[in-house]
1. Looking at the stretch A:232-247, which of its residues are open to solvent by 10 Å² or more (accessible area, probe 1.4 Å), in contact with an Asp or Glu (Cβ under 9 Å, 6 or more places away or on another chain) and not in a loop (DSSP other than H, G, I, E, B)?
2. For the stretch A:200-217, what are the residues that are within 18 Å of A:Leu4 (Cβ to Cβ) and either modelled with pLDDT of 75 or more or within 13 Å of chain B (Cβ to nearest Cβ) (or both)?
3. In the stretch A:231-254, which residue that is of a type in the set (Val, Ile, Thr) and touching a residue at least 24 places away in the same chain (Cβ under 8 Å) is farthest from the other protein chains (Cβ to nearest Cβ)?
4. Which numbered condition in (1) touching a helix residue (DSSP H, G or I) at 6+ places or on another chain (Cβ under 6 Å); (2) closer than 25 Å to B:Ser245 by Cα; (3) open to solvent by less than 20 Å² (accessible area, probe 1.4 Å) is the only one that B:Ala125 fails?
5. Does A:Gly52 satisfy the criteria of being closer than 20 Å to A:Ser146 by Cβ and either in contact with a helix residue (DSSP H, G or I) (Cβ under 7 Å, 6 or more places away or on another chain) or open to solvent by less than 50 Å² (accessible area, probe 1.4 Å) (or both)?
6. Any chance you could count how many residues in the stretch A:221-230 are touching a strand residue (DSSP E or B) at 6+ places or on another chain (Cβ under 9 Å) and either more than 8 Å from chain B (Cβ to nearest Cβ) or among the basic types (Lys, Arg) (or both)?
7. Of the conditions (1) assigned to a helix (DSSP H, G or I); (2) within 14 Å of another protein chain (Cβ to nearest Cβ); (3) of a type outside the set (A, V, I, L, M), B:Gly147 fails just one. Which one is it?
8. Can you name the residue in the stretch B:188-208 that is open to solvent by 10 Å² or more (accessible area, probe 1.4 Å) and more than 7 Å from chain A (Cβ to nearest Cβ) and, of all such residues, is farthest from the chain's Cα centre (by Cα)?
Amino acid sequence: MVGLSLGEQNFIKGGISQDLRTDGRKRLTYRPIFVETGIIPQASGSARVKLGVTDVIASVKAELGRPNPSYPDKGKVSIYVDCSPTAEPTFEGRGGEEFSTELSSALQKCLLGGKSGAGAGIDLSSLCIVGGKVCWDLYIDGLVVSSDGNVLDALGAAIKAALSNTAIPKVQVSANASSDEQPEVDVSDEEFLQFDTSGVGRHYIADATTAEESQMSSAVSLSINRQGQICGLMKRGGAVLDSSMILDMISVAKHVSEQLIKRLDSEIAAAEACDDDEMEL
Amino acid sequence: MAGKSSAAAATYSPSLTGQRKKRPPIQTDSEWVRPDGRGLHQCRPAFLKTGAVNSASGSAYAEFGNTKVIVSVFGPRESKKAMMYSNAGRLNCNVSYTTFASPVRGQTPEAKDLSSMLHKALEGAIILKSFPKTTVDVFALVLESGGGDLPVITSCASLALADAGIMLYDMVASVSVSCIGKNLLIDPVSEEESYQDGSLMITCMPSRNEVTQMTVTGEWSTTKINEGMQLCLDACSKLGKIMRSCLKEAASGPQD
């Protein structure tokens, strides 16, 4: 994917083994995160996250729908990711399609939890309005604007920011079937996810750039909530891993995610404050 | 034919002697009875057979309880599209469901997602360098979906690859575990999958003890992941042995 000379490859590998990466970061340091919320007026909630050069937009739209007959007391959430060919030429045609299904299925696994709804990032029962009759359908759409590695983490952060920015109308069902809408009631989303990409030889690195991703043997994406519980795990990349290495990566990821959650919280709070100021003006 | 099926239909379960000691504390909180009457840590009976499709270079049929899968492997053959030259071979995986595979017609899981998961699970085990410039196609068809589809597809695909004579580092065995309440259930059926709190799937190469693919959904603590992984790896090594004996039997059959 990335054309790197042998010298460049060795430079990346050598840097990682000495805990100093090409952009001056340590192995487990993230790139600067920039969050902007409320950027799409047509959506119920939206956010843009920049992680270094990686740039993604997430939007949340809410629509009224019918709940799935097998889970009558739960709302529905669907997650789609679109990889625009403007971000990278390889995203054109089937390449982009494959990558987007991979991203959306990873996000779905982490956000929606088990089939019974336990451990989900979004509380599906809070989206139910009348059991078995009406519920909210949340459509979460991600767009990859520019890609320089670790798109999954950026999307996770953007979805988190977009959800915290989401306001859906409160619907009351009265006896004569006229629904009364009051805007600006937040959807509840308690737990949240962080991803951590690791790999490259015998060392683990977090938040890899495209150049680093091309050199890694395998990657593990983990989602960890505030309580330090694991909400999802996906192995990416072809090479095999020892089971003890996976456990090792889990403990590393837990440590990294604690810091990341804190940083992301303050970034989102800052972005929302900025958004409110604009509304007042 | 008759000789083949009788020996291959063996049950497997992860080291019963070791697990028996662990079982009581898990069952104390509820007297769980599984729909098919199995123990919590007991896998479904597995039936494996190679050579299910004549026209393919290799094929296998797997039946784990109600889950029935056929996998055929074609190639190594010329890469179809105008692809760039590559030193390593290519692997192409495709999973499809029959329309009658699930109780409700046409309501089958995302086949595209399963295809990419299967690709990732097999990629690490195949010696791609052994067939440069060419492609190996793996087509899986789920005849009946009875839970734990992906693990069955993956194990069956690796058997088909071996049958086709594709060079592998090792056989790939795959097992999933469901978490319901405080219990861990190995090899869940669809009924159990529909109300599980979380699931863990491991695909590994048993004799090398290496993991080629792993997914976790739902909320797990580290100790629980550890327990689940150990359970899966144990079952994988048992399943690996069954797969190996199935291959050996197929190879020695014609000589008799």
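The values are calculated or read from the model by the stated rules, or taken from the named source; none is laboratory data. Every value quoted in this text rests on a predicted model; they were computed, and no experiment measured them. Ideal geometry is used to build each Cβ from the backbone, glycine not excepted, and the neighbour counts take in all protein chains shown. Side chains included, ligands, DNA and RNA excluded: accessible areas come from the protein's heavy atoms. Shrake-Rupley method; radii C 1.70, N 1.55, O 1.52, S 1.80 Å.
1. A:Arg236, A:Asp242, A:Ser243
2. Selection gives A:Ile205, A:Ala208, A:Thr209, A:Thr210, A:Ala211, A:Glu212, A:Glu213, A:Ser214, A:Gln215, A:Met216, A:Ser217.
3. So the residue we want is A:Val252.
4. (1)
5. yes
6. Summing the residues that are touching a strand residue (DSSP E or B) at 6+ places or on another chain (Cβ under 9 Å) and either more than 8 Å from chain B (Cβ to nearest Cβ) or among the basic types (Lys, Arg) (or both) in the stretch A:221-230 gives 5.
7. (1)
8. B:Glu191
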